[in-house]
Amino acid sequence: MELVFFPETKEISLNSMFIIQGYAFSQKTIKSFKENKVFLKSENGELVELNLQEILIGQKKISQAIFCPATELEPNTKYYLKFSEISENETNETSIYELDKKESEKVYWITTNNKSVESLNSDITLEFEKTQITHYGCGPEAYAIFNIKNNPDSEIWYKTELIELETNEKFVYYIKEWKGKLNVGHSMCSGAFAFNKEGKYKVRFTPMSIDGKKSTTTNWITFESPFMNDKSIFGK
């Protein structure tokens, strides 16, 4: 299973952060970054090491590694992602399939002349909308859904902190908006957060630009496990 790479935008500043996310067996690659180095390689062959900041383990078959460049990137330069440990899978792992081109190509970003992106709007707020359960043949997807107010047009990562109130156990993961909403939970196959059949949770979000610039962290928002409101025959 291939990896997923952020930023999704190809045009970045000179001090962008990077996230590599792995699902299922690709989590082995994420864990390997504790030992193996990751680089950006320019078309001229110059290497910039990406320093590992942290590895976050999702609750359902998904993990992500967060990186910062060791030095400022060069302006107007195309960089390709490169792993230090060359393996048979490296070409596949550092490539993505482009639907419009109908072919795979190496993961890359192109820098601008800007040292950083614009500052985040401090008016970003999130409001709880509902919990939602959808049942499929292989299992349910479960989400707590939040509406984003004053969501900027630029790419934003939301540091999401979820706490199970009964145990006070905390889980942290970076998620992105989808159609103006944040979906906290998991799909049928994978996801950053999982819920017990019963119980209450609280969550808060810290909006962050792809350069790591943070906006104000929201207040904690409390909600019940989505499974407590499951009205289907599976929830009985």
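A few remarks follow.
- Of the criteria (1) closer than 11 Å to TYR143 by Cα; (2) at pLDDT 95 or above; (3) of a type in the set (A, V, I, L, M, F, W, C), which one ILE221 fails: (1)
- Verdict on PRO69 being within 16 Å of the chain's Cα centre (by Cα) and either at pLDDT 95 or above or outside the structural domain of THR94 (by TED's automatic domain parsing) (or both): no
- Restricting LYS159, LYS176, LYS200 to those that are in contact with a Phe, Trp or Tyr (Cβ under 8 Å, 6 or more places away or on another chain), loosely packed, with under 15 Cβ neighbours inside 10 Å and closer than 20 Å to PRO7 by Cα reduces the list to LYS176.
- Whether a residue is in contact (Cβ under 8 Å) with a residue 12 or more places away in the chain and closer than 19 Å to GLN53 by Cα was assessed, and LYS197 does not pass this test.
- All positions within the stretch 157-207 that are modelled with pLDDT of 95 or more, hydrophobic (A, V, I, L, M, F, W, C), within 16 Å of the chain's Cα centre (by Cα) and part of a strand (DSSP E or B): TRP157, LEU162, PHE171, VAL172, ILE175, LEU182, VAL184, PHE205
- MET228 vs. criteria modelled with pLDDT under 95 and assigned to a helix (DSSP H, G or I): yes
- Filtered residue count, the stretch 49-84, keeping only those that are surrounded by fewer than 16 Cβ atoms within 10 Å (Cβ to Cβ) and part of a loop (DSSP other than H, G, I, E, B): 7
- Filter pass, GLY235 being buried (at least 19 other Cβ atoms within 10 Å of the Cβ), at pLDDT below 95 and over 19 Å from GLN53 (Cα atoms): no
- So ASN183, is it polar (S, T, N, Q), buried (at least 21 other Cβ atoms within 10 Å of the Cβ) and closer than 26 Å to GLY137 by Cβ: yes
- Residue that is surrounded by the fewest Cβ atoms within 10 Å (Cβ to Cβ) [pool: residues in the stretch 134-151 that are more than 22 Å from the chain's Cα centre (by Cα) and not small (Gly, Ala, Ser)]: CYS138
The values are calculated or read from the model by the stated rules, or taken from the named source; none is laboratory data. Bear in mind that the values here come from a model prediction, so they are computed numbers and not experimental data. Glycine also receives a Cβ, built like all others from the backbone with ideal geometry; neighbour counts cover every protein chain displayed.
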